[in-house]
1. For the pair A:MET222 and B:ASP187, what calculated FRET efficiency results from E = 1/(1 + (r/R0)^6), where r is the Cβ-Cβ distance and R0 = 41 Å, to the nearest 0.05?
2. Could you give the DSSP H helices of chain B that reach 30 angstrom or more along their long axis (alpha carbon positions) and whose average Kyte-Doolittle hydropathy is no lower than -0.5?
3. What does the convex hull of the Cα atoms of the protein assembly as shown come to per residue, in Å³, rounded to a whole number?
4. Radius of gyration and Dmax for the range B:14-169's Cα atoms, expressed in Å?
5. Return the Rg/Rh value of chain A, two decimal places, where both radii are evaluated on C-alpha atoms and Rh is the Kirkwood radius.
6. Relative to the Cα centre, what is the charge dipole magnitude of the range B:1-117, using +1 at the beta carbon of each Lys and Arg, -1 at the beta carbon of each Asp and Glu, and rounding to the nearest 20 debye?
7. Compute the relative contact order of the range B:14-169 as a whole-number percentage, counting only Cα pairs closer than 8 Å that sit 6 or more residues apart in sequence.
8. Over the range A:159-256, what is the relative contact order in percent, taking alpha-carbon pairs closer than 8 angstrom and at least six residues apart?
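Coordinate-derived values only; no laboratory data. What you see is a predicted model; the values in this text were computed from it and never measured. Cβ placement follows ideal geometry from the backbone for every residue including glycine, while neighbour counts extend to all protein chains displayed.
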Amino acid sequence: MAAPANLAAVTHLRPVPDPKPPPRLAERGKAQPQVAELERWATVLRLDCVRMLAVAKSGHLDSSLSAADIVAALYYRVLRHDSENPDWRSRDRFVLCKGHAAPIQYAALAQHGYFPLQDLTGVRQIGAQLQGHPDMRRTPGIEVSTGSLGQGLSMSLGICLALRLDGLDDTAQVFGLLSDGDCQEGQTWEAATAAVHFGVPNLTAIVDYNHLQTDGTTEEIMDIGDVRAKFEAFGWDSVQIDGHDMNEVVEALERSRTVRKPAAIIAQTKKGKGVSSMEGRFGFHGKPPTPEQAAEALEELMAKLDEQTAALLEAGPRGGGE
Amino acid sequence: MPSEPEAKTEPIATRHAYGDALAELGERHEDVVALDADLAVSTQSIKFGKRFPERFFNVGAAEANMMSMACGLAATGKVPYCSTFAIFAAGRAYDQVRLGIAHNELKVRIGASHGGVSLGEDGASHQMIEDIALMRAMPRMTVVVPADYNQAYRATLESYEREEPMYMRFGRPATPIVYDEIPETIDGGVDVLRAGKDITLIATGHMVWRAIEAAESLQQQDGVDAEVLNVSIVKPLDSEPILESLSKTGLGVTAEEHRVVGGLADAVREVAAEQHPVPLFAVGMGDEFGISGTGEACMEHFGLTARAIADRAREAMVLKPIVSRPPLFGPEWT
């Protein structure tokens, strides 16, 4: 293993071998990234997260990793967004209700050119545009500031209502990504009630149900139980999926667009997914990786990335044709 | 330009001004939306709701949800007016207002009605006496407390022209009119309502008409010539007219329907202590909660009356020869 204490080796942004850059909005459509590509992008985002937090020595790595597949599916395929025109009125909105997973969103935004990739390693440092939790006033591509659990779904609902008044609720979908903690906050259920009452057709709530929180497992601390059934009881369209199965993630997200009422996707996930030493294990919430852990994680993720890249190159051009 | 309504002359509650002006704003501006939490009749946002049902969102008894929804609406280009009782706006939904609205510097207006103890019978659970302190402490939040219907009407209309997040406090009971006309502007938020030379009475909200009454009683009974200032924007506090008056009179009494801690009293003391220290006495709520009773009985009970202001001023006047002194380093006023 490389000298683990050498942070420079951990942190420098090695150019990732990249068969295809993420498609710009205009190029999307017929050439949608396929599942294998999305899986690879999820690995790229995970790598970015490990690097960012190893340098920052602060932040929520495991919470970011559990959401990586969902965020990759959103930013690389599902969301209609444009980094060159972040204020585009009829764009889809993504609200990271679980604001502590900011690194995963920052990685996706940087990879899409909302700001330079080098900025990622400045996260949580004084004067950085990348704050500890998403800040709409400092970071391009952030719709609303979050970080206080429970507020994000209400904010997403507010966005839906504004879009309705602007006649955009048929085109622009609003995706909110919640944590188990969000589901413990009462306000989330105020918003769940109101979303059905106001009949917004363009709201998708994704719950990154990773079963771990700061003080222990959700089952020990405060069991939120069958979240799918809860959303259904509130009148939502509600499905449960494996949040690390890219096929299921993409299908559920794209389906939620076609459901003309509030739609919940309960994604069963593992905290720390992608880094075997962390996966599904308690004790990492809010703790940055040590240099040793970071080096180990990077090694594992780079190996995975190389494997995914090789497979993609072997399979040939996107979609196997053209 | 739409026609201005006629100024009121008879006692009427400031919350009615909010409701009337909000409906007018809805008429003038497409992007104004209103939210309420099952108190639309009490807060008077119902007037807007009836005229613009598609832009009115009653969220039920869910104030936290309302504030965060307003954040989403404002981030998407609307100008939300959130109405509920002051107790819920500032107390229950503090974190939602803080992160979603103030931190994001969004153009959201919080119309908080039933501020203070004068809401009466509902008692301590509903009587908000620390909202000004909470909202003053919140970074980037502007705090507006109009004195009467006419000023409240202007303050609400003018709130649309300003960009910063705003907390506006209105009251339940009908209160006497202070401004004969609907003022052209609330400007910096400090108006000299009565000129005087002996002592400065600085009041906000429901205490302004009482301060004027106190000044008249001081004139008649004691020959004391009191200056009366109405502070309608408690934060950011326009220090210049306050310092100007205090440096002239050398003595002041503040009056508010609120805890003296963190309220107008502290706001004035901060300015004076740094720039022109003079003795300042406060009329307001002590370390205590409200109680049930009629609005006026509650005001009596807690000493929030013209007589209390006048008495405090008399105490201060006794001290004046002992404590007053010419400014040592104070700014020069012309």
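1. Efficiency, rounded to the nearest 0.05: 0.20.
2. Span-like helices here: none at all.
3. Looking at the protein assembly as shown, the number lands at 176 Å³ per residue.
4. Considering the range B:14-169 through its Cα atoms, Rg and Dmax are 13.7, 40 Å.
5. Taking Rh as the inverse mean 1/r over Cα pairs, Rg/Rh reads 0.95.
6. The dipole of the range B:1-117 has a size of about 180 debye.
7. It comes to 26 percent, rounded to a whole number.
8. 26 percent
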